[in-house]
Amino acid sequence: MSTMTKKMTLERILHSQGFGSRKECRTMVRNEWVSVHGELITDPFVEFELSGFQFEVEDEVWHYREQAYLMINKPPHYECSQKPIHHASIYSLLPEPIRERGVQCIGRLDEDTTGLILLSDDGQFIHRMSSPKWKVPKVYQVTCKHPVDPDQVQTLLTGVMLNDELEPLQALSVEQIDDLTIQMTLAQGKYHQVKRMVAAVSNRVEALHRVKIGPLTLPTDLAQGAWRWLTEAEVELLMQSPKNS
Ligand code: URA
């Protein structure tokens, strides 16, 4: 059945949106924490149509989402792990219900890298965005320690051999922004790939910021540490972006 006509009890809706076990959600409703369009609902078994459904939990408005798709502008000193070792987890930047519904980072950024990260609880979407088969391009702004010379740019484009790799890795494009800064597009997401490629041309990454994944650019108005839902159009655009050869 499509979401258009599907109905669910309030208890099940809250559970599906990450508000706890069904029993906890039932208790939330009975404790008068949940309203629908401003009307307090105390019966957890009232059914609502899911399409466009909106509810309030202690005055915070939530929209029903069958799957979660979001982006974070990652700050430095956060780890892309549920169990971070040295720093806070980027999952701690999200509200608890979103964490609870099991969203995962799609690919990881290093602790000191900043910028665009996508998260979702839709396995198909995660696979589409992260599978090496699709070669979804990622664009990084790279600040180097030493001025970047044309030979270095050329070598990044023709390919560098990194330890433990079977083939040379090359950038899809490298654009020189200023003496120390380049914008580099990669089709793979190997471990520390930008840092290792830049080191392989005898330079060093001082700062790394991801600005784009596939067709999606980090919005300039999304502050560092902030997150937002992807729009339906953005999810569609990402899903339909062509395979890179
Ligand atoms: N390449 C790196 O070296 N680090 C990142 O965080 C992402 C890409």
Problem set entry | All helices (runs of 4 or more DSSP H) inside segment 81-189 with 1 or more residues being within 22 Å of residue 71 (Cβ to Cβ) and open to solvent by 70 Å² or more (accessible area, probe 1.4 Å) | 96-100, 123-130
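Collect the residues in segment 198-217 that are of a type in the set (A, V, I, L, M, F, W, C) and over 18 Å from residue 177 (Cα atoms), keeping them in residue-number order.
Within segment 198-217, 199, 200, 213, 216 meet the criteria.
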Exercise. Quick check, is residue 127 assigned by TED's automatic domain parsing to the domain that holds residue 178 and either more than 16 Å from the ligand (Cβ to nearest atom) or over 24 Å from residue 214 (Cα atoms) (or both)?
Worked result: no
Seminar exercise, completed: Checking 65, 26 in turn, the sole residue that is buried (at least 17 other Cβ atoms within 10 Å of the Cβ), over 30 Å from residue 238 (Cα atoms) and in contact (Cβ under 8 Å) with a residue 12 or more places away in the chain turns out to be 26
Exercise. Only one of 55, 19, 45 is of a type in the set (Phe, Trp, Tyr), open to solvent by 80 Å² or more (accessible area, probe 1.4 Å) and either assigned to a strand (DSSP E or B) or not assigned by TED's automatic domain parsing to the domain that holds residue 125 (or both); which?
Worked result: 45
Exercise. Any residue at all in segment 196-207 that is surrounded by 14 or more Cβ atoms within 10 Å (Cβ to Cβ), within 11 Å of the ligand (Cβ to nearest atom), at pLDDT below 95 and not in a strand (DSSP E or B)?
Worked result: no
Problem set entry | Within segment 212-237, tally of residues that are in a strand (DSSP E or B) and either over 12 Å from the mean Cα position of the chain (by Cα) or not aliphatic (A, V, I, L, M) (or both) | 5
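The values are calculated or read from the model by the stated rules, or taken from the named source; none is laboratory data. Since this is a predicted model, take the numbers as computed values, not measurements. For neighbour counting, all protein chains shown are included, and Cβ atoms are generated from backbone atoms with ideal geometry for every residue, glycine included. To get the accessible areas, we keep the full protein, side chains included, count just its heavy atoms, and leave off ligands, DNA and RNA. Shrake-Rupley method; radii C 1.70, N 1.55, O 1.52, S 1.80 Å.
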